[in-house]
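The values are calculated or read from the model by the stated rules, or taken from the named source; none is laboratory data. For clarity, every value in this text was computed on a predicted model and none was experimentally measured. Counting neighbours? That spans all protein chains shown, and the Cβs are built from the backbone with ideal geometry, glycine included.
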Amino acid sequence: MRIVYFATWNETGGGNRHLANLMLRLQNDFDCMVVICSTVEDEIRDLFLKAGLRPQQIIFVPHWQKIFFVPFLFTLRKVFKKMKPDIIHSFGIQADIFSALSVIGLNRIRLIGYYESQPLTSNTGKLKNLFYSFINRIVGEKFCRTIAVSEGIKQELILQKVRKSETIDVVYLGIDNSWNNNANIAVDKNRSFPIIGTVGRLSAEKRLDRIIRIMPKIVSIYPKAQLIFVGKGIEQNYLENLSQEHGIENNVKFTGWVADVGAVIRTFDFFVMSSAREGCPNALLEAMSFAKPVIVSDIPGINEIISNGRDGLLIDTENVEIFAEAILKLCQDLSFAVSLGQAAHKKVLEKFSAAKEIESLKNIYNRYAGNDLK
């Protein structure tokens with residue numbers, strides 16, 4: 001069975017890494033390929049190749065062609081007809097629309113949608129959201145299943161009338177823990193200052209400015225405290241300027257995109273996530289797998305993963321005082337911090353394993369490939 005993944009990403013981040021890992025785990029059972037239309041083609045190609053995918057598995061459609069809607073659909077149609085997929089598994093509402101319209105009449109191909117974040121957001125723009133909503137009414141019924149990475153995302157799909165409840169499966173992201181079966185001591189007790197880190201796109205919905213705003217209070221107590229941002233994005237200049245405004249630029253480091261995210265997470269004492277919205281954040285699961293104490297936003301998606309006070313701290317990250325105090329509390333109670341990290345590590349092993357995610361996807365693929373659309 002051939003599975004072709006289709007995405008229209010314009011950023012590198014957890015979603016790209018997650019897809020690469022999925023393909024590697026599934027390729028013993030399926031013939032996996034990926035088609036991508038992106039403004040950061042070179043970066044995504046490099047990420048996939050370094051992850052272990054073969055060049056012949058990766059097909060890029062030039063991004064400029066997407067400007068011309070109908071010709072782009074014909075280009076995609078030619079690509080998909082040549083690839084002869086049993087299933088096209090598309091990522092996000094834009095990819096859903098393009099894939100569905102491009103294979104009209106190719107009845108053998110089954111469509112599966114996949115959502116790691118909200119389908120329609122204010123960042124997309126009102127006109128584009130109206131267009132997506134309109135076209136989705138035409139193509140939405142063509143998807144035999146839609147996968148949401150959390151109950152929160154499932155509810156958004158229903159609320160925004162992107163999919164019907166009975167067509168949605170919730171499949172949480174999974175982490176491969178075969179290389180990390182023993183929980184690490186999360187905090188370096190011999191160091192006199194904390195290293196605080198986060199991983200993800202430097203984009204508006206991540207609300208990374210909230211982390212910058214708490215650092216003056218942390219630095220006032222621990223002058224050598226470090227804050228590490230792992231990732232790239234359009235917000236970097238803004239965040240760098242904000243660090244300077246708060247006089248903490250020497251305490252803040254931007255690593256950019258890194259191939260081995262785990263190696264950087266190992267250096268953290270605490271992992272923070274200040275997002276305004278999330279699905280099932282891969283970076284959070286990775287931090288938990290390294291037994292890092294996590295201080296994260298109490299929002300849908302994240303609060304499906306973390307139990308407050310047991311395997312992490314769920315807080316209102318918009319409140320600077322509460323956010324800063326949560327980190328200082330862990331700095332001053334290292335035994336509690338370590339216990340949170342160890343409990344987080346155990347939860348990932350039990351509930352968010354790659355094996356569970358892969359088994360769920362296999363069942364969906366095998367169930368719908370070749371079936372008649374209803």
Residue in segment 335-344 that is in contact with an Asp or Glu (Cβ under 9 Å, 6 or more places away or on another chain), in contact (Cβ under 8 Å) with a residue 40 or more places away in the chain, closer than 13 Å to V272 by Cα and in a strand (DSSP E or B) present = no
Scan of segment 72-106 for residues that are in contact (Cβ under 8 Å) with a residue 60 or more places away in the chain, surrounded by fewer than 17 Cβ atoms within 10 Å (Cβ to Cβ) and either among the β-branched types (V, I, T) or assigned to a helix (DSSP H, G or I) (or both), ordered by number | M83
Would you check if S289 is within 19 Å of the chain's Cα centre (by Cα) and among the hydroxyl-bearing types (S, T, Y)?
-> yes
Give the residues of segment 150-172 that are in a strand (DSSP E or B) and among the β-branched types (V, I, T), sorted by residue number.
-> I168, V170
With segment 2-69 as the region, which strands (runs of 3 or more DSSP E) entirely inside it contain at least 1 residues that are in contact with a Cys (Cβ under 6 Å, 6 or more places away or on another chain) and surrounded by 17 or more Cβ atoms within 10 Å (Cβ to Cβ)?
-> 2-7
Answer yes if at least one residue in segment 206-223 is out of contact with any Phe, Trp or Tyr (no Cβ under 8 Å at 6 or more places or on another chain), modelled with pLDDT under 95, buried (at least 16 other Cβ atoms within 10 Å of the Cβ) and not basic (K, R), and no otherwise.
-> no
Looking at F290, is it in contact (Cβ under 8 Å) with a residue 40 or more places away in the chain and within 12 Å of G197 (Cα to Cα)?
-> no
Criterion violated by S360 - all others in (1) outside the structural domain of Q155 (by TED's automatic domain parsing); (2) surrounded by fewer than 22 Cβ atoms within 10 Å (Cβ to Cβ); (3) not in a strand (DSSP E or B) satisfied = (1)
Listed residues I299, I295; which is farther than 26 Å from I44 by Cβ and assigned to a loop (DSSP other than H, G, I, E, B)?
-> I299
Which residues, counting only those in segment 252-268, are buried (at least 19 other Cβ atoms within 10 Å of the Cβ) and either in the same structural domain as G52 (by TED's automatic domain parsing) or in contact with a Phe, Trp or Tyr (Cβ under 9 Å, 6 or more places away or on another chain) (or both)?
-> V252, I265, F268
Keeping to segment 120-149, report how many residues are modelled with pLDDT of 90 or more and outside any helix (DSSP H, G or I).
-> 7
Do we find that G262 is closer than 30 Å to L49 by Cα and assigned to a helix (DSSP H, G or I) in this structure?
-> yes
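Yes/no matrix, rows are residues, columns are (1) in contact with a Lys or Arg (Cβ under 6 Å, 6 or more places away or on another chain); (2) of a type in the set (S, T, Y); (3) at pLDDT 95 or above:
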| site | (1), (2), (3) |
| --- | --- |
| F268 | yes, no, yes |
| S274 | yes, yes, yes |
| E286 | no, no, no |
| P293 | no, no, yes |
| D298 | no, no, yes |
| S307 | no, yes, yes |
| D311 | yes, no, yes |
| E318 | no, no, yes |
Residues of segment 58-106 that turn out to be touching a strand residue (DSSP E or B) at 6+ places or on another chain (Cβ under 7 Å), within 25 Å of R137 (Cβ to Cβ) and aromatic (F, W, Y), as a count = 2
